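To start, the structure under review is shown below, and the notes come after it.
The values are calculated or read from the model by the stated rules, or taken from the named source; none is laboratory data. Remember, predicted model here, so these are calculated numbers, not experimental data. Heads up, the Cβs are rebuilt from the backbone with ideal geometry, glycines too, and the neighbour counts pull from every protein chain shown.
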């Protein structure tokens, strides 16, 4: 825990939470969130500043988590590669991937990957994998890192910190849906930018974000590190239900592209200055008098980013459950029923997150590397399938199911047979890269076998057909 007045640190945290809460409550005024269009997609009224702020704060948190669990520490080159990869991924999102989501008008990523109605059987399989990834890996990983951070900065015990991180975003997602979530993101983006800016100016946060048992990337060949970062960037910026939802919520392709470009620039600036500055092991000497007052501001900014990321993950899980799971694929009787389904699904995800987080906190920091390895096993094949889908529109649904199931099984077997993947970053990066490449090859081959006469459909980047359906 850092040195300084604990009361001052708690006051800073409470001010940040109050600002986020006011933003979320303000977004719920006027009955927003009562219809399914409002609850899941914010009425398709998201402008480019809100989109940029949302993408910025959630991706910055993802980048921070990656840096912590891979032990980047003071490796400025690795941080730079990560920042550039995320920024490039956002540009690909704005120019290539986002317009496809808008023109296809799919409510979820599994629906987009599933293709035609005859191939809809792929949806529950893909959705089940994404739900498992979100609820069992991504949310717990965010909670564990956020809890360690809050303990280091504010001295709070692990369970209190976990409940705060889960309850605040969960409350606004359940009550207000997408609009409240974006409002929380906008407020969190301001707090995060302020915190990272202070970190950049002072050169240190006054505390360490490193965790025991983290993977170390030192010594990993540069080409392997670059490939791993690019794969992560593809997943985080393009192949994610949260990305699909925010794309569909935008007002149009031009505003969406502008927001993606703005977020790309913001990620480059923030990651290239603030994160690199305050995560160094031997920071620039700072005033012993000022540091205890500046560090809580940095910590509050990072906690705000964690809350924003968790709110998006809760919203994504609720949307996948409502639209794609087989017991709910029948059209609800009315719009209110769909909204109720979303709220119930979010509530269940929040409760499950509390249970999973409690279990993982008991296991300690060593569980982080297991979560990271499981992340790669589940996300790698989906990223490969999505890459094919972006450039070859007529992918066969049964081929998608076969590819994902095969790659997931092989990945889990490799995880069990080769536990070195847990501790050897080069082995983990190589394994995930192989999973992605193998998924591409298997999917193309399976589609050609199952549907040999179906031609590829040219990708139209500028097409937008009507408003996204709900």
Within the range 99-114, does at least one residue satisfy the condition of being out of contact with any strand residue (DSSP E or B) (no Cβ under 7 Å at 6 or more places or on another chain), assigned to a helix (DSSP H, G or I) and modelled with pLDDT under 80? yes
Condition met for residue 269 (at pLDDT below 85, closer than 24 Å to residue 56 by Cα and not in a helix (DSSP H, G or I)): no
Breaking point among (1) buried (at least 24 other Cβ atoms within 10 Å of the Cβ); (2) at pLDDT 80 or above, for residue 122: (2)
Can you tell me which of 43, 33 is modelled with pLDDT under 85, more than 19 Å from the chain's Cα centre (by Cα) and surrounded by 23 or more Cβ atoms within 10 Å (Cβ to Cβ)? 33
Please state which one of 90, 130 is under 16 Å from the mean Cα position of the chain (by Cα), within 21 Å of residue 48 (Cβ to Cβ), modelled with pLDDT of 85 or more and crowded, with 18+ Cβ neighbours inside 10 Å. 90
Scanning the range 349-374 residue by residue, those surrounded by 14 or more Cβ atoms within 10 Å (Cβ to Cβ) and modelled with pLDDT of 85 or more turn out to be 349, 350, 352
Looking for something surrounded by 15 or more Cβ atoms within 10 Å (Cβ to Cβ), in contact with a helix residue (DSSP H, G or I) (Cβ under 9 Å, 6 or more places away or on another chain), closer than 21 Å to residue 232 by Cβ and at pLDDT 85 or above - is there at least one such residue anywhere in the range 441-449? yes
Subset of the range 375-397 (residues that are crowded, with 18+ Cβ neighbours inside 10 Å and over 25 Å from residue 230 (Cβ atoms)): 396, 397
